[in-house]
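Working notes, beginning with the structure itself.
The values are calculated or read from the model by the stated rules, or taken from the named source; none is laboratory data. Nothing here was measured: the structure is a model prediction, and the numbers come from that model. FYI the Cβ positions are ideal-geometry reconstructions off the backbone, even for glycines, and counts take in every protein chain you see. In case anyone asks, the SASA skips ligands and DNA or RNA and just uses the protein heavy atoms, side chains included. Shrake-Rupley method; radii C 1.70, N 1.55, O 1.52, S 1.80 Å.
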Amino acid sequence: MFHRPRIIPVLTIIDNDLVKTINFKNPRYIGDPINAVKIFNGKAVDELCILDIRASVDGKEPNYELLNQIASEAFVPLSYGGGITNIEQIRKIIFLGYEKVVINSEFVRHPQFIKDAVRVAGSSSIVGAIDVKKNILGKYITNSKSASINHKSSPVDLAKEYEKSGVGEILFTDIAKEGTKLGYNIDLVYSISKAVKVPLIANGGASGLIDIQKVIKEGEAHSAAASSMFVYYGKKDAVLISYPSESELEQIEFSSE
Amino acid sequence: MIGIIDYGMGNVNSIVNMFKKLGFPSQIVSDPLELSKFNRIILPGVGSFDHGITYLKEKGFFDKIKEFVIKKDNILLGICLGMQMLGLSSEEGSQEGLGLINFINKKFDFASNNSNFKIPHMGWNYVKMHSNQLGEFLNPQKYYFVHSYHAVVQDSNNVLFMTNYGYDFPSAVIRENIIGFQFHPEKSHLYGMELLKRFMEYRYVS
């Protein structure tokens, strides 16, 4: 009996606050991240992805104090990303109880870094992040530092570089979809999924389980991550932490067989 | 009172907190001489076999753990690397394990199956109950796994749970007052909590 694809809530943090953005902009205060983690514990989430969206821009160290509290409260697998620039930080975070670290900006600045990280922590502990935006000509380009810096690589090229460096997974986010609940960028997810063997986590745009089913079935993503659908409820985006039940998740048709 | 061994490998906090949530107080044990104060000891662990054994020896836990289980009222639970160290040895290293249960640890080998399974085995997976010493379960149970090496058990009486990843392997072992879980109950939310509850109810009756 094999386990269904993973469905992963992403919690975006600024300082000690849980926030939610749209297109990586205009963070709205959601609540206390530790409280959210406690609630997710009780809802049996597959895993949680904690992203500090200011750490890399501000050049700050990860918020170890908060990360420690989260790890102590989370009875679920955890990954952390945000401002990871050296191996010592990776060691510290994994020692705190995080299964994986997500690296974006630093890879683009120092490609050797990922190879070193993989060697030290093991490939399954390293997730390469790909954030994309369309440029003026309508071409997809990859970004880092919370979308403040553009790079020359196409998403597929970046995915291939990550694969060569040995990452265990790739976390792909279409910034234009992020926070919009307009659905994932299925085409782009599909093209990345087909280009590499590394498991792909699709992120950005989910409004509900239909979108999740679509990105896994049609986009051929390995797992699906989402944020808005797990922290908001209803047309007015009231704050409510939720997660589908196991029976709801098992009913999703993940493959075309 | 539960004692959780801190020998420098593995994150003890989640384990402490899960027991706390279940209503069972626990203490982190850094001094091997204190083991005798407890009647249930958890041996956690994340990392390589040789590192684990070396640290256990350096901190003086290796022999004290063996002493601890002589008294059959005491229960020892090894988690992940902690379970692997209960065995005789591991392909991962050259150190001798605690040798408390008759098994060795081998790396996942899919060559003969020609499959696409990745190593390490990382993610949620189901267990099949091989023995009901921790009670019956009404529904399929799943736990979170992160490991590249798995137990190969001599006597099937020592198998508590089996799991399939490319092929079937023992995901939990048991011998009298010694239990091992290859997966992480402290990362398996509601499933892990139910299992640790069962663990607390378990007594060895000869």
- Those residues of the stretch A:232-246 that are hydroxyl-bearing (Ser, Thr, Tyr), closer than 16 Å to A:ILE22 by Cα and in contact (Cβ under 8 Å) with a residue 24 or more places away in the chain come to a total of 1
- Query: Would you pick out the residues in the stretch B:118-145 that are open to solvent by 20 Å² or more (accessible area, probe 1.4 Å), within 21 Å of B:LEU77 (Cβ to Cβ) and in contact with a Lys or Arg (Cβ under 8 Å, 6 or more places away or on another chain)?
  - Reply: B:TYR126, B:GLY135
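I'd like to check something: does the stretch A:104-117 contain any residue that is within 18 Å of A:LEU11 (Cα to Cα), assigned to a loop (DSSP other than H, G, I, E, B) and within 12 Å of chain B (Cβ to nearest Cβ)? Break it down stepwise before answering.
Step one: filter the stretch A:104-117 for residues within 18 Å of A:LEU11 (Cα to Cα), giving A:104.
After this cut, where a residue has to be assigned to a loop (DSSP other than H, G, I, E, B) as well, the list is A:104.
This time we only want the ones that are within 12 Å of chain B (Cβ to nearest Cβ), so: none.
No - not one qualifying residue is present in the stretch A:104-117.
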- Message: Suppose we filter the stretch B:110-169 for residues that are within 14 Å of B:MET83 (Cβ to Cβ), away from chain A (no Cβ under 12 Å), touching a helix residue (DSSP H, G or I) at 6+ places or on another chain (Cβ under 9 Å) and not small (Gly, Ala, Ser); how many remain?
- Response: 2
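For the stretch B:17-45, which residues satisfy the criterion of being of a type in the set (A, V, I, L, M) and open to solvent by 30 Å² or more (accessible area, probe 1.4 Å)?
Passing the criteria: B:LEU22, B:ILE28, B:LEU33.
Can you tell me which residues in the stretch A:127-164 are without any contact (Cβ under 8 Å) to a residue 12 or more places away in the chain and among the charged types (D, E, K, R)? Working first, answer last.
Of the stretch A:127-164, the ones without any contact (Cβ under 8 Å) to a residue 12 or more places away in the chain are A:136-138, A:152, A:157, A:164.
A:LYS152, A:ASP157, A:LYS164, listed by residue number.
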- Task: Scan (1) closer than 21 Å to B:PRO170 by Cβ; (2) surrounded by 15 or more Cβ atoms within 10 Å (Cβ to Cβ); (3) at pLDDT 95 or above; (4) of a type outside the set (Phe, Trp, Tyr) for the single condition B:ILE5 breaks and write down its number.
- Result: (1)
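On the given criteria, is B:ASN132 free of Cβ contacts under 8 Å to residues at least 40 places away in the same chain and either more than 20 Å from B:LEU98 (Cβ to Cβ) or outside any strand (DSSP E or B) (or both)? Give the steps one after another, and end with the answer.
Numbers: free of Cβ contacts under 8 Å to residues at least 40 places away in the same chain: yes; either more than 20 Å from B:LEU98 (Cβ to Cβ) or outside any strand (DSSP E or B) (or both): yes.
Yes, satisfied.
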- Task: Only one of these is buried (at least 18 other Cβ atoms within 10 Å of the Cβ) and not in a helix (DSSP H, G or I): A:ILE212, A:ILE201. Name it.
- Result: A:ILE201
- Query: If you take the residues in the stretch A:66-103 that are within 12 Å of another protein chain (Cβ to nearest Cβ) and of a type in the set (Gly, Ala, Ser), which one is surrounded by the most Cβ atoms within 10 Å (Cβ to Cβ)?
  - Reply: A:ALA74
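If you check B:GLU194 against the conditions, is it charged (D, E, K, R), part of a helix (DSSP H, G or I) and within 10 Å of another protein chain (Cβ to nearest Cβ)? Write out each step before concluding.
Working: charged (D, E, K, R): yes; part of a helix (DSSP H, G or I): yes; within 10 Å of another protein chain (Cβ to nearest Cβ): no.
For B:GLU194, the condition - charged (D, E, K, R), part of a helix (DSSP H, G or I) and within 10 Å of another protein chain (Cβ to nearest Cβ) - is not met.
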